[in-house]
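So the structure is just underneath, and the comments pick up after that.
The values are calculated or read from the model by the stated rules, or taken from the named source; none is laboratory data. No experiment lies behind these values; they were computed from the predicted model shown. Cβ atoms come from the backbone with ideal geometry, glycine included; neighbour counts cover every protein chain shown. Only protein heavy atoms, including side chains, enter the accessible area calculation; ligands, DNA and RNA are left aside. Shrake-Rupley method; radii C 1.70, N 1.55, O 1.52, S 1.80 Å.
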Amino acid sequence: MSERRFGADSPDGRPELGEFSDSAGSSNDPLNRAFPGKTIGALVVDKSLTVIDFIEADGEVAESLGDPVGRPLPTLHSVLTEQATEAVKAAFDSQETVRFEIEDGTTNRFAVCALPVSESVVLHLLDVTESVRLSRELRKTRKTLDTLEDGIYILDETFVITAINDAVTDITGYSRDELVGAHASTLAGDETLSMATEILEQLQNEDSEVGLIESSITGADDEPIPVETRFSTVEFANGDRRRVGLLRDVRERRRNDRLLRGLNRSARTLLRADSERAVCETIVDVAADIWSGVSVVAYTFDSADSHLVPVASAGVDPAPRGPGTDEWEAFATGAPDDEAATTDSSNRGYEATSDEPTGRVIEENHNDREDETLYASLEDHGLLAITFGAATESTGVVESVELLAANAVAGLQRVKHEAELSRRREELSERNSRLEQTREFNDLLRRINGALVEAATLNDIATAVCTHLADAEGIEFAWFGESYRSNEGLKPVAVAGEGDGYLDDLTAVGIDPTDPPSAAGAAPTIRALTSRELTCVSDTSPGPGTSPWRERAFVRGFQSVASVPIMYNDLTYGVLSVYANQPRAFEDIFGDLLAELGETIGNAINGLETKRSLHSETRIELRLLVVDKDALASRLSAALGEPVWIDGIIPDDEDQSVIYTRTAGDPAQLPDSLFAVESVNQLDDGDDARTAVTVSRPTVFERLVDYGVTVERFRVASDTAEMTVVIPPSGDVRQLIEALETHYDRIELVSRHEKSVGEDETDSLPDAVGAQLTDRQYEVVQAAYLSGYFEWPRASTGEEVAETLDITQPTFNRHLRTTEQKLFAALFGDSG
């Protein structure tokens with residue numbers, strides 16, 4: 001028999017009777033069947049709507065009916081309203097069961113079932129007030145359950161799914177119709193179901209309530225879904241026992257766990273990273289591990305080429321990125337503005353500051369592709385690019401990428417800071433080492449200078465220098481070769497150290513004058529002699545076609561060589577060569593020391609040769625012509641319009657010199673008309689007036705004196721200077737002329753002859769006194785003599801001489817008195 005329902009579409013949305021009844025034809029939902037109504041009674045009504053029988057039950061409504069038999073239905077209790085009458089009529093007409101709900105104006109709810117039986121209709125009255133209340137509570141509960149992210153399910157004792165909430169369909173991808181009525185094996189495997197059965201039995205034995213399983217279920221796409229389910233057995237009011245459980249999708253939690261593990265691992269690894277590459281490789285490995293199937297590239301900024309250089313990558317073979325590329329735009333201008341960055345940071349629960357790394361992310365969606373790229377700023381260090389493919393979940397990863405990038409920035413900053421600290425430590429160590437080397441080298445130079453003061457011969461000078469150098473740390477061998485006496489290349493004078501026969505074969509070492517080497521194969525000693533500059537070979541390792549000297553040096557452990565020319569002004573005396581047991585030993589400080597030492601040795605040899613020339617029994621006298629209209633002496637003569645005699649020259653400490661001249665011209669206008677003339681002091685008058693001229697440029701007279709030459713006569717007229725000079729027998733005339741030719745247009749040797757010196761001249765009083773004077777004492781007394789201070793009457797006063805020399809008069813007087821005392825002591829001996 002079919003049935004009809006009244007009230008299902010009532011305006012107030014009251015539930016239908018069938019949702020709560022557990023009688024035949026009611027809903028199959030076990031949650032509804034668990035709450036049946038309370039029977040009030042049953043009325044039997046005939047076609048005239050008269051009650052012909054009454055089955056009474058307990059209740060207030062039943063009592064109010066009294067004895068309804070024989071009474072018309074509409075006149076009974078108020079709940080039997082016109083709607084009840086219409087339902088009975090409908091049951092007679094349709095011969096179908098009619099169900100409807102009614103209320104009495106209070107909170108009470110009643111259900112009525114009109115069942116046609118033969119010539120009458122039986123009205124079954126139910127009080128469903130409690131059922132309706134429970135049903136409404138159940139609806140609220142269902143709505144609440146459907147808002148949960150966790151799935152709720154009910155299984156019967158055979159593991160058939162009888163009810164689920166919406167979250168179960170969201171997690172699994174199945175529809176409600178596909179799951180309700182299906183066996184639990186649709187989702188869970190046999191192993192999981194067996195485990196659940198065992199746990200339920202244990203719960204019953206242990207008097208526990210809730211079981212827990214972590215496993216995987218199969219979704220509608222046949223992909224495994226990691227879940228956590230808590231379940232228990234519940235007995236409903238109708239006596240049914242069901243298995244009720246909570247299903248939680250733990251995919252996101254596992255991703256977060258994997259992310260946290262990765263971030264923790266990256267943080268620990270970054271603490272040990274010692275380079276930009278190590279930091280970049282770490283973050284790329286972590287990103288590829290956390291998000292499978294992504295492409296990751298870590299770029300660093302190359303400021304020299306203004307490019308982003310890929311340092312580490314996964315899933316892609318990247319190329320450098322420059323202006324015009326997406327990566328460059330993200331690095332250079334793609335960062336959010338300050339306000340956006342601050343807002344974004346506050347949403348994540350922390351305040352952005354300029355001191356902490358942010359790792360800010362710039363998202364880029366490729367409309368023409370199915371992937372998405374996140375660019376994370378590594379601040380001024382570079383950029384991290386992560387591309388998520390169509391099959392890779394990229395939702396909600398921005399904060400994770402920011403954390404990873406922030407860790408990377410912190411690591412890069414630490415590496416940069418430690419590199420800077422390391423660089424400073426190295427600089428400090430190198431500075432301390434250089435200071436220690438400087439101290440050692442200065443001490444070495446001081447010892448050598450002391451030995452040079454004591455040296456009486458060239459051999460003494462060479463031996464002292466080589467011996468001290470060979471004793472220095474790292475120096476294996478040193479030798480000195482002279483070139484100004486032999487006039488035939490270099491002649492070894494002194495050696496020291498572990499030379500082991502290095503100079504036995506002069507041809508092999510490239511200094512044999514009879515077999516000069518080619519320019520390409522020349523030894524550093526010869527190159528220093530010809531170039532007149534310090535020559536260093538940082539590494540003597542021989543190669544194919546190497547020079548013989550390299551092989552001889554290398555087999556003896558000489559790994560680097562320095563050769564310094566020994567010179568005084570333009571005169572070359574020889575070469576000092578030093579060999580070290582380490583490569584690049586003569587770079588920086590040591591090379592500078594050798595260059596300075598070369599000048600010191602040149603001065604010592606020049607002083608030695610000057611003294612030797614004074615005591616020599618024979619000297620070489622030369623008559624020279626120096627032709628150069630631009631020479632300072634020539635310009636003096638040209639400016640005066642008269643020949644100029646130069647009697648002497650006194651050097652000054654400030655690159656100036658005082659020239660004592662005799663000329664018939666008027667020198668008063670010289671400072672205004674001639675460059676390099678600073679001042680003029682006319683000492684007397686007449687046709688052969690003496691003048692002290694202070695100049696700031698060297699003259700040929702001064703150069704000759706510097707070369708150790710004695711100038712006996714010097715006259716310059718117009719552009720030609722004529723002079724008579726004397727050099728010691730060991731002097732190299734050719735070298736002297738070549739040195740002058742480097743400064744003047746033309747040098748002409750007019751005559752040369754040897755001049756014999758008598759015994760009385762070689763051991764004269766001037767030599768005895770001159771040997772006792774200091775350079776400054778000699779210059780002061782010579783200036784006084786040339787200025788006419790000792791004449792009568794005096795041509796110059798002591799004050800004028802002192803002013804010319806730019807010293808005070810007391811200083812002049814002291815030098816003068818000291819010189820006089822030495823002169824008279826030499827003259828009168830101890831008797832004085």
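From the list THR395, THR373, THR333, pick out the single residue that is of a type in the set (Ser, Thr, Tyr), within 24 Å of VAL286 (Cα to Cα), open to solvent by 40 Å² or more (accessible area, probe 1.4 Å) and modelled with pLDDT of 55 or more.
Result: THR395 is the single residue among THR395, THR373, THR333 that is of a type in the set (Ser, Thr, Tyr), within 24 Å of VAL286 (Cα to Cα), open to solvent by 40 Å² or more (accessible area, probe 1.4 Å) and modelled with pLDDT of 55 or more.
Would you please list the contacts, defined by Cβ atoms under 7 Å and residues six or more apart or on different chains, that run from a residue in region 224-237 that is small (Gly, Ala, Ser) to a residue that is at pLDDT 80 or above?
SER232/VAL244
Name, by its number, the condition in (1) touching a Leu at 6+ places or on another chain (Cβ under 9 Å); (2) at pLDDT 80 or above; (3) of a type outside the set (Ser, Thr, Tyr); (4) under 22 Å from GLY411 (Cα atoms) that does not hold for ASP274.
Every condition holds for ASP274 apart from (1).
Go through (1) open to solvent by 60 Å² or more (accessible area, probe 1.4 Å); (2) in a strand (DSSP E or B); (3) among the aliphatic types (A, V, I, L, M) one by one and return the number of the condition ALA304 breaks.
If we test ALA304 against (1) open to solvent by 60 Å² or more (accessible area, probe 1.4 Å); (2) in a strand (DSSP E or B); (3) among the aliphatic types (A, V, I, L, M), just (2) comes out false.
Considering only residues that are open to solvent by less than 60 Å² (accessible area, probe 1.4 Å), without any contact (Cβ under 8 Å) to a residue 40 or more places away in the chain and either among the hydroxyl-bearing types (Ser, Thr, Tyr) or under 19 Å from GLN735 (Cβ atoms) (or both), which ones fall in region 668-710?
SER679, THR691, LEU704, VAL709
Within region 673-722, track down each residue that is under 17 Å from ILE737 (Cβ atoms), of a type in the set (Ser, Thr, Tyr) and part of a loop (DSSP other than H, G, I, E, B).
TYR707
Looking at GLU137, GLU178, GLU191, GLU198 in this structure, which one is in a helix (DSSP H, G or I), under 16 Å from ALA220 (Cβ atoms) and charged (D, E, K, R)? Write out each step before concluding.
Working: GLU137 fails: under 16 Å from ALA220 (Cβ atoms); GLU191 fails: under 16 Å from ALA220 (Cβ atoms); GLU198 fails: under 16 Å from ALA220 (Cβ atoms).
Checking each option against the conditions leaves just GLU178.
If only one of GLU252, GLU228 is open to solvent by less than 90 Å² (accessible area, probe 1.4 Å), within 30 Å of SER400 (Cα to Cα) and either modelled with pLDDT under 80 or in a helix (DSSP H, G or I) (or both), which one is it?
Values: GLU228 fails: either modelled with pLDDT under 80 or in a helix (DSSP H, G or I) (or both).
Within the list GLU252, GLU228, the selection yields GLU252.
Among the numbered criteria (1) in contact (Cβ under 8 Å) with a residue 60 or more places away in the chain; (2) closer than 18 Å to ALA42 by Cα, which single criterion is violated by GLU103?
Failing condition for GLU103: (1).
Say we look at region 140-152 and pick out the residues that are open to solvent by 40 Å² or more (accessible area, probe 1.4 Å) and either hydroxyl-bearing (Ser, Thr, Tyr) or outside any helix (DSSP H, G or I) (or both); which of these is nearest to LEU187 (Cα to Cα)?
As a first pass, look at region 140-152 and keep what is open to solvent by 40 Å² or more (accessible area, probe 1.4 Å): 140-149.
Now restrict to residues that are either hydroxyl-bearing (Ser, Thr, Tyr) or outside any helix (DSSP H, G or I) (or both): 141, 144, 147-149.
Numbers: THR141: 25, THR144: 24, THR147: 22, LEU148: 20, GLU149: 18 Å.
Applying the filter and picking the extreme gives GLU149.
Would you be able to say whether some residue in region 88-97 is touching a strand residue (DSSP E or B) at 6+ places or on another chain (Cβ under 8 Å) and of a type in the set (Lys, Arg)? If you could, list the steps in order and put the result at the bottom.
In the first step, residues of region 88-97 are kept if they are touching a strand residue (DSSP E or B) at 6+ places or on another chain (Cβ under 8 Å); the result is 88, 90-92, 94-97.
When the remaining residues are screened for being of a type in the set (Lys, Arg), the result is none.
No, because not a single residue in region 88-97 is touching a strand residue (DSSP E or B) at 6+ places or on another chain (Cβ under 8 Å) and of a type in the set (Lys, Arg).
Which of the residues spanning region 583-599 are buried (at least 16 other Cβ atoms within 10 Å of the Cβ) and farther than 17 Å from GLU440 by Cα?
Correct list: GLY598 only.
Among the residues of region 464-471, is any within 19 Å of ALA595 (Cα to Cα), part of a loop (DSSP other than H, G, I, E, B) and among the charged types (D, E, K, R)?
Taking region 464-471 and keeping what is within 19 Å of ALA595 (Cα to Cα), we get 464-471.
Now narrow it down to the ones that are part of a loop (DSSP other than H, G, I, E, B): none.
Checking region 464-471: not a single residue is within 19 Å of ALA595 (Cα to Cα), part of a loop (DSSP other than H, G, I, E, B) and among the charged types (D, E, K, R).
Determine whether GLY545 is modelled with pLDDT under 85 and either open to solvent by 20 Å² or more (accessible area, probe 1.4 Å) or in contact with a Lys or Arg (Cβ under 8 Å, 6 or more places away or on another chain) (or both).
Values: modelled with pLDDT under 85: yes; either open to solvent by 20 Å² or more (accessible area, probe 1.4 Å) or in contact with a Lys or Arg (Cβ under 8 Å, 6 or more places away or on another chain) (or both): yes.
Taking the combined requirement at face value, the residue satisfies it.
Is there any pair with a first residue in region 268-279 that is under 13 Å from LYS416 (Cα atoms) and a second that is open to solvent by 100 Å² or more (accessible area, probe 1.4 Å) whose Cβ atoms are under 9 Å apart and which are 6 or more apart or on different chains, and what are they?
Close Cβ pairs satisfying both conditions: GLU276/LYS416; ALA278/ARG272.
Pick from region 804-816 the residues that are in contact (Cβ under 8 Å) with a residue 40 or more places away in the chain and assigned to a helix (DSSP H, G or I): which of them is farthest from the chain's Cα centre (by Cα)? Break it down stepwise before answering.
First, the residues of region 804-816 that are in contact (Cβ under 8 Å) with a residue 40 or more places away in the chain: 804-806.
Subsequent filtering for residues that are assigned to a helix (DSSP H, G or I) retains 804-805.
On the way: THR804: 61, LEU805: 59 Å.
If we take residues in region 804-816 being in contact (Cβ under 8 Å) with a residue 40 or more places away in the chain and assigned to a helix (DSSP H, G or I), then THR804 is farthest from the chain's Cα centre (by Cα).
Could you list, in sequence order, the residues of region 266-288 that are of a type in the set (Asp, Glu) and within 21 Å of GLU399 (Cβ to Cβ)? Explain how you work it out, then say what you get.
Start the filter on region 266-288 by keeping residues that are of a type in the set (Asp, Glu), which leaves 274, 276, 281, 285.
Scanning region 266-288 gives a single hit, ASP285.
Among the residues of region 272-285, is there at least one that is within 30 Å of GLU223 (Cβ to Cβ), open to solvent by less than 90 Å² (accessible area, probe 1.4 Å) and of a type in the set (S, T, N, Q)? Walk me through it before giving the result.
Start the filter on region 272-285 by keeping residues that are within 30 Å of GLU223 (Cβ to Cβ), which leaves 283-285.
Add one more test, that the residue is open to solvent by less than 90 Å² (accessible area, probe 1.4 Å), and what stays is 283-284.
Those left that are additionally of a type in the set (S, T, N, Q): none.
Within region 272-285, not a single residue is within 30 Å of GLU223 (Cβ to Cβ), open to solvent by less than 90 Å² (accessible area, probe 1.4 Å) and of a type in the set (S, T, N, Q).
Could you grab me the full set of residues in region 231-249 that are assigned to a strand (DSSP E or B) and exposed (fewer than 15 other Cβ atoms within 10 Å of the Cβ)?
Step one: filter region 231-249 for residues assigned to a strand (DSSP E or B), giving 231-235, 241-249.
Correct list: VAL234, GLU235, ARG241.
Any idea which of GLU430, GLU420, GLU440 is surrounded by 14 or more Cβ atoms within 10 Å (Cβ to Cβ) and either among the acidic types (Asp, Glu) or not in a helix (DSSP H, G or I) (or both)?
Numbers: GLU430 fails: surrounded by 14 or more Cβ atoms within 10 Å (Cβ to Cβ); GLU420 fails: surrounded by 14 or more Cβ atoms within 10 Å (Cβ to Cβ).
On inspection, the qualifying residue turns out to be GLU440.
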